[in-house]
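See structure below.
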Amino acid sequence: MEAKVSVIMPTYNRGYIILDAIRSVLSQTYDCFELIIVDDGSKDDTEEIVSKIEDSRIKYHKLEKNSGVSHARNVGLELANGEFLCFLDSDNNWHESFLERRIGTAKSTGSNFVFGRMQLNRMDGTTVVIPEVSADELSNPEKLIKRMLYDNVIDMNSVCLERKFFKDLRFNEEMKALVDWDYFFRALCMNDTRPVFVDDVLVFNYLQGDSITLFEKKERTDMHLIMLRSNETLLKKKGLLKSKVQAVYDRLMLENSLNESMKKLASALSPEDFAEFVSGIIEEKDKEIQNQKDILSFFKRWIKSGIDPNKLNDYFKARQIQKVSIYGYGLYGRQLEKIVRKCDAELISIIDRNMDKLAHDFCPEYRCEYEKGLGEELIIVASSRHFDEIRNELATVCDSKIISIEELL
């Protein structure tokens, strides 16, 4: 016997477009489903349009007043009795094989949370497939939940859930946007959740002038604060609170002054968690100031003494160094290149991860990453910061002696 699917479709004043969404459900190759349409108090002809469709699988439920999409979906969840749950908004369509393929994946993998990609059709006629994230990241549960701290990468309309695992999970009715982000983040944090990503495009969204996706930036930021406040305990339990607070803080700082950002953040966190975050900010600022002091101190020494090409040449000869590489092509790396080229030792590579952006002229020695087998005896790290980190990284891939530019000074 086929598993029954409850398809929940909230709608509000979408009489002009809802028929396309309904037809995309009724034309599914998998036909064991119920379509629960929750009308959130529409004042247009939505009810009349739905009533003309003769199909026993449709359940139409109209609310007395408009209460928001989260409430409408929660009503749909209360009415659902299928083994699986799917959601389709009234401005979205499914490919005819959507249900068949989602249920097939759930059955074959044992997943209770299957999702994929969606094609977004903008009002200007352009399209984009979302999320624009690698399949590797979406397929790894640990990477997925960390990504969900910063971006919503799971679209409501692409998901199929096994209802018994999520029967008590409800949408946050305080939120007017980012509702799916909040709901699926909480779903992923549940102990029994087994997400599976399918790299397909079976969902097609047609943006409307009243689409929630088009919420203003300020309103969306307010939703982030609500998410943070309502999920603070869960985030702390999962060890994710610090990362989420930082993500919300960064977003706030794009639109507000430091003072205003801190006020808003304080309103969303407990006093203890807010104090801990502020202490972390102060510590980071202290480190940043110290780093700037170190850079200035190094720059003064460079200006005062510099590196004498003759002395550097003697340094190389005394240690029998015939081949040299430079790591870092910023201010010091460029100066060091000129000096090394005046020495007898051969400069065989200059390495910088951003070399494609930094180098204005082509040079065969320029590289974006370390290359084995070139035979240098010495690598000079031309950076006043992060030497230990860079040295440890290089030490895993090469046997060359590694020194800092400060040692040469």
Return the single residue from ILE351, ILE36, ILE289 with maximal mean-square fluctuation; model: Gaussian network over the chain, springs between Cα atoms under 10 Å.
-> ILE351
For segment 87-148, run through the trypsin sites (Lys or Arg not before Pro) and keep only the ones in DSSP coil with at most 15 other Cβ atoms within 10 Å of their Cβ.
-> ARG122
Collect residues whose amide H, placed 1.01 Å from N in the peptide plane, falls under 5 Å from the amide H of PHE33; neighbours closer than 5 in sequence don't count.
-> VAL5
GluC sites (Glu not before Pro) lying in DSSP loop within segment 119-162, provided at most 16 other Cβ fall within 10 Å = GLU132
Please give the contour-minus-distance gain from ALA247 to LYS4: 0.36 nm per residue of separation, less the Cα-Cα distance, rounded to one decimal in nm.
-> 83.6 nm
Note down the Stokes-Einstein diffusion coefficient of segment 221-286 in µm²/s, whole number, using a Kirkwood radius over alpha carbon pairs, 4 °C, and 1.567 mPa s.
-> 109
Setting aside same-chain residues fewer than 8 positions from LYS176, which aspartates and glutamates have a Cα under 18 Å from its Cα?
-> ASP39, ASP40, ASP89, ASP91, ASP151, ASP155, ASP210, GLU216, GLU219, ASP222
Taking R0 as 56 Å, what's the FRET efficiency between GLU369 and GLU272 from their Cβ-Cβ distance, rounded to 0.05?
-> 0.80
In the chain, if every C-alpha pair distance is counted and binned at 20 Å from zero, what percent goes to each bin?
-> 22, 38, 27, 12, 1
Looking at the square roots a ≥ b ≥ c of the eigenvalues of the Cα gyration tensor of segment 91-236, which shape do they give, rounded for a/c under 1.5, prolate if a/b is larger than b/c, or oblate?
-> oblate
With Cβ to Cβ distances under 13 Å as the rule, what net charge do the other residues near ILE282 carry (K, R +1; D, E -1)?
-> -3
Show that you can apply the helix-only estimate: for the chain, add -39,500 (n - 2.57) for every DSSP H stretch of four or more residues, divide by all residues, and state [θ] at 222 nm to the nearest 500.
-> -13000 deg cm²/dmol
Along each of its three principal axes, how wide is the spread of alpha-carbon positions in segment 1-118, in whole angstrom units, largest first?
-> 43, 28, 24
Going by a ≥ b ≥ c, the root eigenvalues of the Cα gyration tensor, does segment 306-408 fall in the rounded group (a/c under 1.5), the prolate group (a/b larger than b/c) or the oblate group?
-> rounded
Hydrodynamic calc, segment 1-67: Kirkwood Rh from Cα pairs, then Stokes-Einstein at 37 °C with viscosity 0.692 mPa s, so D in µm² s⁻¹ is 265
For a footprinting-style exposure proxy, rank GLU83, GLU219 by other Cβ within 10 Å, fewest first.
-> GLU219, GLU83
When the chain is treated as a GNM, springs tying every alpha-carbon pair under 10 Å, which of LYS59, LYS311, LYS287 comes out with the largest mean-square fluctuation?
-> LYS311
With the convex hull built on the alpha-carbon atoms of segment 5-215, volume per residue in Å³ sits at 118
Say the cut-off is 19 Å between C-alpha atoms; which of LYS43/LYS65; LYS263/LYS287; LYS107/LYS143 go over it?
-> LYS263/LYS287; LYS107/LYS143
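Relative contact order (percent) for the chain, with alpha-carbon contacts under 8 angstrom and 6 or more residues of separation?
Numbers: 626 pairs, mean separation 47.9, N = 409.
Contact order relative to length: 12 percent.
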If you find the alpha carbon centre of segment 192-207 and of segment 249-267, how far apart are they in angstrom?
-> 33
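Computed from the coordinates by the stated procedures, all read-outs in this text should not be read as laboratory data. From a predicted model like this one, the values you see are computed outputs, not experimental measurements. Because the Cβ atoms are built from the backbone with ideal geometry, glycine has one as well, and the counts that use them run over all protein chains shown.
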